[in-house]
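Asks: Structure incoming, see below.
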């Protein structure tokens, strides 16, 4: 157990640490107008699980591989090419993305991010600046790594 100091809460975690200590800055994002197949291939070919969807630099949603799979769950054993064609023909990013955004200002703390993620409904929080521009993303994985490295 950690010793409690004025800078730490009762669990030993620094409550006032800036969110910038855990967030991924300048996260990869996708434009709302991009073909859904591009998003699918980007998610499939990377370690990302969530991608902010932006118009300009302003977040309008978040999309995950699970969101895309929900659209096509009834298609069995489809080839990658067939899936790509079907995604672009039948769906857009708007059909798959979550628009109920969880955001925090870039002045928030790690505790604020943990508080937002603790309810389990979302696995990422978008970090925005004063004008609403996307500047980062914090995921549950980011927080676990942060705690591991304390």
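Asks: Grab the beta carbon distance between residue 16 and residue 141, set R0 = 25 Å, and tell me the FRET efficiency rounded to 0.05.
Replies: Calculated transfer efficiency: 0.65.
Asks: Rounded to the nearest 5, what is the percent of antiparallel bridges among the DSSP beta bridges in the stretch 19-148?
Replies: DSSP beta bridges in the stretch 19-148 are roughly 75 percent antiparallel.
Asks: Multiply the residue gap between residue 130 and residue 88 by 0.36 nm, knock off their C-alpha separation, and tell me the result in nm, one decimal place.
Replies: Gain in length upon complete extension: 11.7 nm.
Asks: Ranked by Cβ crowding within 10 angstrom, fewest neighbours first, how are 65, 33, 47 ordered?
Replies: By the 10 Å Cβ count, ascending, the order reads 47, 33, 65.
Asks: Hey, another quick one. Fewest to most neighbouring Cβ within 10 Å: what's the order for 89, 40?
Replies: If I rank by nearby Cβ atoms, fewest first, I get 89, 40.
Asks: Tally the DSSP beta bridges in the stretch 85-150 and give the antiparallel ones as a percent, rounded to 5.
Replies: Beta bridges within the stretch 85-150, antiparallel portion: roughly 60 percent.
Asks: I've got another one for you. Taking one equal scatterer on every alpha-carbon of the stretch 19-148, how large is log10 of I(q)/I(0) by Debye at q = 0.14, 0.15, 0.16, 0.17 1/Å?
Replies: For the stretch 19-148, the Cα-only Debye profile gives -0.62, -0.70, -0.78, -0.86.
Asks: Suppose R0 equals 22 Å. What FRET efficiency, 1/(1 + (r/R0)^6) with r the Cβ-Cβ distance, do residue 107 and residue 58 give to the nearest 0.05?
Replies: Efficiency at R0 = 22 Å is approximately 0.80.
Asks: Using a 10 Å cut-off around each Cβ, can you sort 70, 15 from fewest to most neighbouring Cβ atoms?
Replies: 70, 15
No lab work stands behind these numbers, since they all come straight from the coordinates. In this text the structure is predicted, and so the values were computed from the model without any measurement. Positions of Cβ are backbone-derived with ideal geometry, glycine not excepted, and every protein chain shown enters the neighbour counts.
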